[in-house]
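Working notes, structure below.
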Amino acid sequence: MRAKLFTLLIVAAVVLAACAPAATPTSPPAKKGFKIAMVVKNLGNPFFEAAKKGCEEAAKELGDECIFQGPATPTAEGQIEIIDALIAQKVDVIAITVNDPDALVPVCKKAMDAGIKVVTWDSAVAPGGRQIFVNQADMEQIGRIEVQMLGEMLDYQGQIAVLSAASTMANQNTWIEWMKEELKDPKYKDMELVTIVYGDDLREKSYTEAQGLFKSYPDLKGIISPTTVGIAATGRALTDAGLCGKIALTGLGLPSEMAEYIKSGCCKEMALWNPIELGYMATYVSHLMASGEITGKPGEKLTAGKLGGRTIVDDGAGGGMVLLGPPFKFNAENIDDWKDVY
Ligand code: RAM
């Protein structure tokens, strides 16, 4: 009898416990509502319009706000003005791709002093002006792959030139350094890099620079343009001048802008990463910095929504860097799958 009563009491206690209101949750409520300012090199560049899509998508998932800004033309001065205004506006994070890595350091420091997190992506501000770098792909791989594509097209022979963005732009300059390293391989001994010209990521200037190359180097056999603006302008200049087939073209291009030149054979192959995903990743990293879930140090782990997990690695200067992934190659076989995506 006693044993039965005891069992009954235990059952009653278990039932009561199950019906009791849930205990206070141990995990804190998700932090959201951050103002994330994505600052780009300039407005009107479809590469950055694609990144904006990724920023908006991530911000929606996270319950944050994506404030997308950039100067009308790709200058450091224009970006400094914008950052000053964002500091006054008290945003939570500034995620920037810079036109000049050194010129932007003081204003980025000012933002950090005001308690704003500074994330850099695509074209990084120098280490003193940032807390973490979201890098599209390994710099060395991006530089080398462009020379490798052109080498194959040219059977490793002839004069080549680079048509870059602005001479101050950190991402292009680093990739060009790796191109020069790749060219040291003996298999390129009959390929000569004759010049590097700068179209400043402006369509018309890039077009004029391409025409200048055709005139100044009548024996030119190939052009590498490590900028989506430059490669599309060069594709147009080669087509207009009737030089497709005589001068090979490769570099980093948007499938949407390059499909016509890939189909015409003017640019047989090029590379890029997904700029929508790059914007999405930069926004997730910005959110995690604002919420304090990461501090930006190498070794920390994070999850960037649909892109999955990443470990923060060393950026080579003691800071933290997150990598999006390897670049893809685009050619006549796969261009139709991508031309309407970005
Ligand atoms: C242009 C910009 C950008 C670069 C791409 C490849 O759109 O210069 O910074 O990453 O090209």
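Read-outs throughout are calculated quantities, based only on the coordinates presented, and are distinct from any laboratory measurement. All values reported here derive from a predicted model rather than from experimental measurement. When we count neighbours, we look across all protein chains shown, and the Cβ atoms used for this are built from the backbone with ideal geometry, even at glycine.
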Within segment 135-222: Cβ-based charge dipole about Cα centre, in debye rounded to nearest 20 (Lys, Arg +1; Asp, Glu -1):
200 debye
Percent antiparallel among DSSP beta bridges with both residues in the chain, to the nearest 5?
20 percent
Relative contact order in percent for segment 218-334 (Cα pairs under 8 Å, 6+ apart) equals 21 percent
Gaussian network model of the chain, Cα springs within a sub-10 Å range: biggest mean-square fluctuation belongs to which of Ala241, Ala232, Ala72?
Ala241
Mind checking the dipole of segment 49-121: about its Cα centre, +1 per Lys or Arg Cβ, -1 per Asp or Glu Cβ, Debye to the nearest 20?
120 debye
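Pull up the DSSP beta bridges for segment 185-314 and report the antiparallel fraction as a percent, rounded to 5. Let's see the in-between values first.
Numbers: 3 of 9 bridges.
Percentage antiparallel, nearest 5: 35.
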Straight-line reach check, Lys215, cutoff 20 Å on alpha carbons, 8 or more apart in-chain or any other chain, hits among lysines -> Lys205, Lys246
Comparing Lys53, Lys109, Lys215, which has the greatest mean-square fluctuation in the GNM of the chain with Cα pairs linked when under 10 Å apart?
Lys215
Which order do Cys266, Cys244 fall in if you start with the one that has the fewest other Cβ atoms within 10 Å?
Cys244, Cys266
Which residue, Lys221, Lys110, Lys189, tops the fluctuation ranking in a GNM of the chain built on C-alpha contacts under 10 Å?
Lys189
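Would you mind working out the magnitude of the charge dipole of segment 260-342 relative to its Cα centre, with +1 at each Lys and Arg C-beta and -1 at each Asp and Glu C-beta, to the nearest 20 Debye?
Details: 8 positive and 11 negative charges, 25 e Å.
The calculation lands at about 120 debye.
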Here the equivalent ellipsoid of segment 137-202, derived from its Cα gyration tensor, has semi-axes (largest first, whole Å) of 20, 14, 9
Quick one: which residues, 5 or more positions from Gln159 or on another chain, have an amide H under 5 Å from its amide H? H modelled 1.01 Å from N in the peptide plane, none for Pro or chain starts.
Glu192, Lys221
Out of Thr195, Cys244, Phe328, whose Cα points farthest toward the positive end of the dipole of the chain (charges: +1 Lys, Arg; -1 Asp, Glu; placed on Cβ)?
Phe328
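May I ask which of Lys109/Lys339; Lys41/Lys180; Lys52/Lys329 have a Cα-Cα span longer than 32 Å here?
On the way: Lys109/Lys339 39 Å; Lys41/Lys180 25 Å; Lys52/Lys329 23 Å.
Long pairs (Cα-Cα over 32 Å): Lys109/Lys339.
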